[in-house]
Structure formats: structure tokens, C-alpha cells
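This report refers to the structure that appears directly beneath it.
The values are calculated or read from the model by the stated rules, or taken from the named source; none is laboratory data. Nothing here was measured: the structure is a model prediction, and the numbers come from that model. Every residue, glycine as well, gets a Cβ built from its backbone with ideal geometry; the counts of neighbours run over all protein chains shown. Note: areas computed on protein heavy atoms with side chains; ligands, DNA, RNA excluded. Shrake-Rupley method; radii C 1.70, N 1.55, O 1.52, S 1.80 Å.
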Amino acid sequence: MNTELYQEAESFIRQFYQEKGLSDVESRLNDVRAAIEDSGTYHHTYEELVYGAKVAWRNSNRCIGRLFWENLNVFDYRQLDEEEAIFQALLKHIDFATNGGRIRSTISIFRPKLNEKEVRIWNHQLVRYAGYETDDGVIGDPASVEFTKMCEALGWQGAGGSFDVLPLVIQIDDRAPKLFEIPSEKVLEVPLRHPEFDWFRDLELKWYAVPFISDMRLEIGGIEYTAAPFNGWYMGTEIGARNLADDFRYDLLPTVAKAMGLDTKRSASLWKDRALLELNQAVLHSYREDQVSIVDHHTAAEQFRLFEKKENNQNRQATGDWTWLIPPVSPAATHVFHSSYEDRMDSPNYFYQNEAYK
Ligand code: HEM
Ligand SMILES: N/C(=N/c1cccc(CO[C@@H]2CCNC2)c1)c1cccs1
């Protein structure tokens with residue numbers, strides 16, 4: 001009898017029954033114990049799965065967006081056993097979550113790991129841009145160079161542009177991974193323009209509307225869901241202060257600063273800070289004008305403060321990883337910077353897992 005699994009299962013089931021005010025937890029625990037004795041594992045009810053996915057979000061210490069943890073749409077795809085069916089489910093997730101720009105927080109949960117057999121999505125995010133190493137530097141997203149090479153090794157042919165959407169790579173157990181192109185009409189993107197600087201659109205920048213994290217493991221009561229892609233909406237700084245700004249990503253601060261006519265020779269001119277602000281303003285302006293959900297880092301911090309209060313009202317204390325909760329732009333202008341959080345890892349939760357392309 002796998003007592004470690006039973007202990008994690010018991011702790012989760014008791015938490016679920018207690019928080020939901022359900023009765024007769026002992027009878028459910030007897031069924032779970034019997035299942036583990038009989039088959040080495042147990043099966044979550046849909047209600048347990050939904051509660052587990054939501055509480056895993058509530059426990060995600062690095063997430064500033066947790067105020068809305070109870071509004072998660074959960075798709076139960078544990079019965080799917082073929083790559084093609086999983087691909088179709090992912091397209092449905094992308095459509096449902098995108099919702100024409102009124103983004104809906106959603107998670108799709110595929111079959112959990114059992115006896116070293118597992119379903120994996122090799123992508124970091126369902127939608128992400130390719131990165132190509134050339135003699136004159138990287139074209140596209142440098143963060144995707146390694147994964148792009150893997151896709152090419154598996155037969156994918158990218159267009160060689162700066163914003164090519166990568167294919168989905170789905171692997172079941174030890175079968176060969178299968179590649180699937182996402183139809184371009186399924187991928188909502190936002191062309192970036194600035195509210196005052198007309199030259200900004202000439203940079204021909206864009207970003208995808210919805211972030212779908214597809215490489216983390218969802219752990220609920222000792223059961224490991226190794227393929228459980230989830231999405232929310234972006235906080236503007238993720239795009240404007242990191243993806244497009246980091247010098248190991250699209251490295252656009254010098255480009256924006258020069259177009260603004262700033263003196264990029266002297267750090268003291270704060271040209272990087274001025275460029276950052278305009279880049280972030282362009283992101284928020286473009287997403288809002290296209291009616292694509294996005295949140296600025298001040299509003300997100302206010303929402304997080306409300307989350308902290310709501311947790312206290314439920315006799316819980318919000319845990320957090322301060323180093324990730326503070327936004328990369330004007331962190332000290334938010335209450336988060338002046339607060340402290342215990343970085344305790346409660347379960348259920350989302351975890352990193354080994355790179356699928358081992
Ligand atoms: C609804 C809007 C949401 C917003 C605005 C939001 C915002 C963020 C931001 C800004 C980060 C830091 C990312 C980074 O710095 O790279 C983050 C991290 C995280 N979020 Fe949220 N989030 C949202 C919804 C969700 C949902 C629906 C889930 C899961 C069900 C989730 C789970 C997480 C996790 C696990 C991390 C940490 C990732 C890591 O450690 O790499 N978030 N979130
Ligand atoms: N806005 C978001 N931002 C992120 C949430 C989790 C992870 C990430 C990206 O993390 C990468 C790995 C470490 N930094 C970048 C971004 C969401 C994605 C999915 C739901 S909400």
C-alpha cells in the first residue's frame with residue numbers, strides 16, 4: 001500500500017470537505033484507501049479536480065493575479081489518450097479562453113502520471129514566438145532558440161521571421177512526440193502602437209493576446225497532472241518590461257530610446273527608464289484599444305491587496321514570493337514592495353518539472 005500517496009490524498013480530501021462544508025468525509029476516504037490498495041492510485045471526482053486546480057492557483061506564491069482564483073474554468077480531459085484528440089482539446093481551450101479578447105481564465109487537465117507513464121506538452125507556452133540563431137544574432141525570441149531547434153529537428157520549418165508562432169509538441173508516454181501547427185486564425189495578436197508617438201507603429205511590433213503556461217505540473221492530493229495548461233491575461237509589464245525589453249529577449253530599449261531622440265550614451269540620462277515607460281504605455285494602450293484583456297501593474301497590485309484581505313477574512317494568510325510579486329516597473333510605487341510574505345509552499349500547487357525534451 002502506497003502510504004505516502006494515501007497521506008497526501010487524505011490531507012487533500014479532508015481540506016476539500018472542510019472548506020466546502022461537505023459531510024461524510026470518512027466514506028470518501030475509505031473509497032480512496034481501497035482504490036490505492038487495489039490499483040496504486042485513486043481518481044479525483046470532477047468537483048475535487050476543480051477545487052484542486054483553483055486552490056493550486058490560490059497557493060501560487062509568485063502570482064499577483066490571485067484575487068480571481070475562484071473564477072477558473074476547468075476542462076476535464078483525463079480520458080483523452082491520443083495526440084490528435086489532445087491537440088483538438090488544446091484548440092478548444094485556446095478558442096474558449098481567447099473569447100475574442102474578453103479572456104477567460106481556463107485550465108485543461110489531461111491524464112495524470114501513472115507508473116512513469118505521462119502526457120507532456122513540450123512547449124513552455126501554447127503560443128510563443130520562434131527564435132532563430134543566425135550569423136548576425138538572433139531573429140525572433142532568444143528564449144525560444146533551443147525549443148525552435150528541437151522543433152526543426154522534428155521536421156518543423158519556420159518562416160524565419162521575428163514573430164513566427166511555434167508548433168505544439170505533444171508526447172504521450174514513450175511514443176514519439178507529435179507536432180501540430182496552430183491555425184493562425186486561432187491566435188489573437190495585438191499590433192503595438194503608442195498613444196502619442198506615431199512612429200511607434202513603424203517598429204512593426206506585436207505580441208500575442210493570451211499567455212498559456214503549458215510546462216508546469218499541477219499536483220493535487222499526491223496525484224501529478226503533468227499536462228495541465230492554464231491561462232489568465234497579461235500584466236502589461238510582462239510584455240513591455242521583460243519580453244520586449246530584456247537584453248536577452250527582444251532587447252528593444254535602445255531602439256525605442258533612439259526613436260525618442262534620447263541620449264543613450266549616458267546612463268544618467270535615464271534613457272532606459274524613459275524608453276521602458278513609453279514601451280509599457282504602448283502595450284497597455286494597444287491591448288485596451290483592441291479590447292483585449294490586460295492589467296496594469298498598479299491595478300494588479302490593488303487587486304492583490306484585496307486578495308490578501310479576502311484571505312484574512314477566511315482566516316488564511318496569503319503566502320507569497322516577494323521577489324516575483326513586485327512588478328519590474330516602479331515596484332516601490334505598489335504596496336507589495338513595502339509588505340512581506342511567507343514563501344511557504346502549500347499543496348495543491350503548480351510546480352516546475354524536468355524539461356520534457358530530456
Ligand atoms: C487572471 C490573470 C492573471 C494575471 C494578471 C497573473 C499574473 C501573473 C504574473 C505577472 C506572474 C509572474 C510571471 C513572470 O514574472 O514571469 C504570475 C505568475 C504565476 N501565475 Fe498568475 N496571473 C493570472 C492568472 C493565473 C492563473 C489562472 C493561474 C493558474 C491557474 C496562475 C498561476 C501562476 C503561477 C503558477 C505563477 C508562477 C510561475 C512560475 O513560477 O514561473 N496565474 N502570474
Ligand atoms: N499573466 C501570466 N503570466 C505568467 C504566469 C506564469 C508564468 C509566466 C512565465 O514564466 C516564465 C518562467 C519564468 N519567468 C517567465 C507568466 C499568466 C500565464 C498563465 C496564466 S496567467
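Observations on the structure shown:
- Sub-8 Å Cβ pairs linking a first residue in region 94-112 that is charged (D, E, K, R) to a second residue that is in a helix (DSSP H, G or I), at least 6 apart or interchain, are Asp95/Lys186; Arg104/Phe96; Arg104/Ala97, ordered by first then second residue.
- Listed by position, the helices (runs of 4 or more DSSP H) inside region 1-74 whose residues that are closer than 30 Å to Ala300 by Cα and more than 25 Å from the chain's Cα centre (by Cα) number at least 3 are 3-20.
- Residue selected from region 82-134 under the condition β-branched (Val, Ile, Thr) and assigned to a loop (DSSP other than H, G, I, E, B), by the criterion surrounded by the fewest Cβ atoms within 10 Å (Cβ to Cβ): Ile103
- Matching entry among Glu116, Glu152, Glu146, Glu133 (being at pLDDT below 95 and over 21 Å from Ser293 (Cβ atoms)): Glu116
- Of the criteria (1) more than 16 Å from ligand 2 (Cβ to nearest atom); (2) crowded, with 21+ Cβ neighbours inside 10 Å, which one Lys186 fails: (2)
- If you go through region 251-273 and pick out every residue that is open to solvent by less than 30 Å² (accessible area, probe 1.4 Å) and part of a loop (DSSP other than H, G, I, E, B), you end up with 1.
- Tally of residues being open to solvent by less than 40 Å² (accessible area, probe 1.4 Å), in contact with a strand residue (DSSP E or B) (Cβ under 6 Å, 6 or more places away or on another chain), without any contact (Cβ under 8 Å) to a residue 40 or more places away in the chain and not β-branched (Val, Ile, Thr) across region 135-155: 2
- Cβ-Cβ under 8 Å pairs, at least 6 apart or on other chains, region 29-47 side within 13 Å of Phe12 (Cβ to Cβ), far side of a type in the set (Asp, Glu) and in a helix (DSSP H, G or I): Leu29/Glu10; Val32/Glu10; Tyr42/Asp31
- Region 295-307 residues that are closer than 16 Å to Thr323 by Cα and aromatic (Phe, Trp, Tyr), paired with ones that are assigned to a helix (DSSP H, G or I) and modelled with pLDDT of 95 or more (beta carbon under 8 Å, 6 or more apart): Phe304/Arg66; Phe304/Leu67; Phe304/Leu325; Phe304/Val336
- Figure legend. Inter-residue proximity from region 283-294: first residues in contact (Cβ under 8 Å) with a residue 60 or more places away in the chain, second residues surrounded by fewer than 22 Cβ atoms within 10 Å (Cβ to Cβ) and assigned to a helix (DSSP H, G or I), beta-carbon distance below 6 Å, spacing 6+ or different chains. Indicated pairs: Gln291/Gly101; Val292/Gly101.
Let's see how each residue does on (1) touching a residue at least 12 places away in the same chain (Cβ under 8 Å); (2) closer than 20 Å to Val169 by Cα; (3) open to solvent by 10 Å² or more (accessible area, probe 1.4 Å):
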residue	(1), (2), (3)
Pro195	yes, no, yes
Ala209	yes, no, no
Leu218	yes, yes, no
Tyr225	yes, yes, no
Phe230	yes, yes, yes
Met235	yes, no, yes
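- Criterion violated by Ile170 - all others in (1) in a strand (DSSP E or B); (2) surrounded by fewer than 16 Cβ atoms within 10 Å (Cβ to Cβ) satisfied: (2)
- For region 152-174, filtering for residues that are hydrophobic (A, V, I, L, M, F, W, C) and closer than 18 Å to Val187 by Cα leaves 6.
- In region 224-276, the residues that are among the polar types (S, T, N, Q) and either in contact with a Leu (Cβ under 9 Å, 6 or more places away or on another chain) or closer than 30 Å to Arg104 by Cβ (or both): Thr226, Asn231, Thr237, Asn243, Thr255, Thr264, Ser269
- Failed item, numbered, when Ile36 is tested on (1) open to solvent by 70 Å² or more (accessible area, probe 1.4 Å); (2) more than 16 Å from ligand 2 (Cβ to nearest atom): (1)
- Complete set of residues in region 237-250 that are more than 16 Å from ligand 1 (Cβ to nearest atom) and either surrounded by 20 or more Cβ atoms within 10 Å (Cβ to Cβ) or hydrophobic (A, V, I, L, M, F, W, C) (or both): none
- Boolean, Arg242 is in a loop (DSSP other than H, G, I, E, B) and either within 16 Å of ligand 2 (Cβ to nearest atom) or more than 22 Å from the chain's Cα centre (by Cα) (or both): no
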